[in-house]
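The values are calculated or read from the model by the stated rules, or taken from the named source; none is laboratory data. From a predicted model like this one, the values you see are computed outputs, not experimental measurements. We place every Cβ from the backbone using ideal geometry, glycine too, and count neighbours over all the protein chains shown.
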Amino acid sequence: MKWRIVRPEVHDAYMNMAIDEAVSEGIMDGSSPPTIRFYIWKPCAVSIGYFQGIRDEVNLDVCRELGVDCIRRWTGGGAVYHDYEGELTYSVIAPASMFPKNIIESYRLICGWIIRGLEHIGITAEFRPINDILVDNKKISGSAQTRRRGVLLQHGTLLYGLDLRIMFSVLNVSRQKISDKMIHSAEERVTCILKHCDVDKTAVCGALIEAFACGASKTNTENKEHEFGTWSEREIMRARELAEKKYKTDEWTYLR
């Protein structure tokens, strides 16, 4: 089955999540191919997992002050700050039958593509179950996955740069608690590409694309049949509808 790879795009939070869902629907009804996409969030955003309460996880006042979007994902996991300058995000959307049934093994497979991409730029990383990638025992990437009606969606982040003060200010940590000690503690647990390699974001994207294109199978590590593409008119129209009628609504955002 031929994969579609979509080169890095820039969208707001609502379109980024709506595209994932629109493509998932297309795969369910056979109108969309298995898809790997890379993207960036503009403006910066905080996404929370489906089961989280946004008021519990996000400092909404600070987000409004800084112009940071807030959105609920339809995957699980925790709250994530998506920095326009400091992060790359990927999504893999395909029939679940193309991946191991075991959740950890499917994470291991897809996260292995990220690890291979990091190798291309000289960074050695390792998979840490359930869904993290570590460099020198520090987290550089996390992912979330859902399976619905025979379709697997996994999306995740790769930290390119790191602004911990903004990260903590938009998550539900009071400004009084954002101390140098807290920053130092976080730096002991989290890292980013620029701390290990002086490489521009374009080169990182190229390395990831190459690695994902080679790794898009559970049985073979050779180059896979793929083509670079974009969205069909049907997909983009559905994504715009989902962005407006679902992801931007208070009913969805404040679901919990």
Check your understanding: Based on what the data block shows, is Met182 more than 30 Å from Arg4 (Cα to Cα) and either among the small types (Gly, Ala, Ser) or surrounded by fewer than 16 Cβ atoms within 10 Å (Cβ to Cβ) (or both)?
Key -> yes
Practice item. Mind telling me which of the residues Gly150, Gly112, Gly142 ends up being under 19 Å from Met28 (Cα atoms) and not polar (S, T, N, Q)? Key: Gly150
**Study point:** Number of positions in the stretch 135-152 that are within 23 Å of Lys201 (Cα to Cα) and not in a loop (DSSP other than H, G, I, E, B)
**Key:** 8
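Are there any helices (runs of 4 or more DSSP H) wholly within the stretch 153-256 with 3 or more residues that are among the small types (Gly, Ala, Ser) and at pLDDT 85 or above, and if so which? Outline the logic, then answer.
Working: elements: 164-170, 180-187, 201-214, 233-242, 250-253.
So the answer is 201-214.
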Exercise for review: Considering only the stretch 122-134, state which residues are closer than 23 Å to Asp200 by Cα, in a strand (DSSP E or B) and hydrophobic (A, V, I, L, M, F, W, C).
Suggested key: Ile133, Leu134
Check your understanding: Do any residues in the stretch 62-89 that are polar (S, T, N, Q) have Cβ atoms under 9 Å from those of residues that are assigned to a loop (DSSP other than H, G, I, E, B), where the two are at least six apart or on different chains, and which pairs are they?
Key -> Thr75/Gly49; Thr75/Tyr50
Exercise for review: Evaluate the following for Ile110: is it in a helix (DSSP H, G or I), modelled with pLDDT of 95 or more and closer than 25 Å to His11 by Cβ?
Suggested key: yes
Exercise for review: Go through (1) at pLDDT below 95; (2) assigned to a strand (DSSP E or B) one by one and return the number of the condition Trp74 breaks.
Suggested key: (2)
Practice item. Return the only residue of Ile93, Ile104 being crowded, with 22+ Cβ neighbours inside 10 Å, hydrophobic (A, V, I, L, M, F, W, C) and either farther than 23 Å from Leu162 by Cβ or without any contact (Cβ under 8 Å) to a residue 60 or more places away in the chain (or both). Key: Ile93
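Counting residues that are surrounded by fewer than 19 Cβ atoms within 10 Å (Cβ to Cβ) and touching a strand residue (DSSP E or B) at 6+ places or on another chain (Cβ under 9 Å), which strands (runs of 3 or more DSSP E) fully inside the stretch 1-62 reach at least 1? Steps first, answer last, please.
Details: elements: 3-11, 35-41, 45-48.
In the stretch 1-62, the matching strands (runs of 3 or more DSSP E) lie at 3-11.
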Review point. So which residues in the stretch 1-51 are touching an Asp or Glu at 6+ places or on another chain (Cβ under 8 Å) and of a type in the set (Lys, Arg), if there are any at all?
Key: Lys2, Arg4, Arg37, Lys42
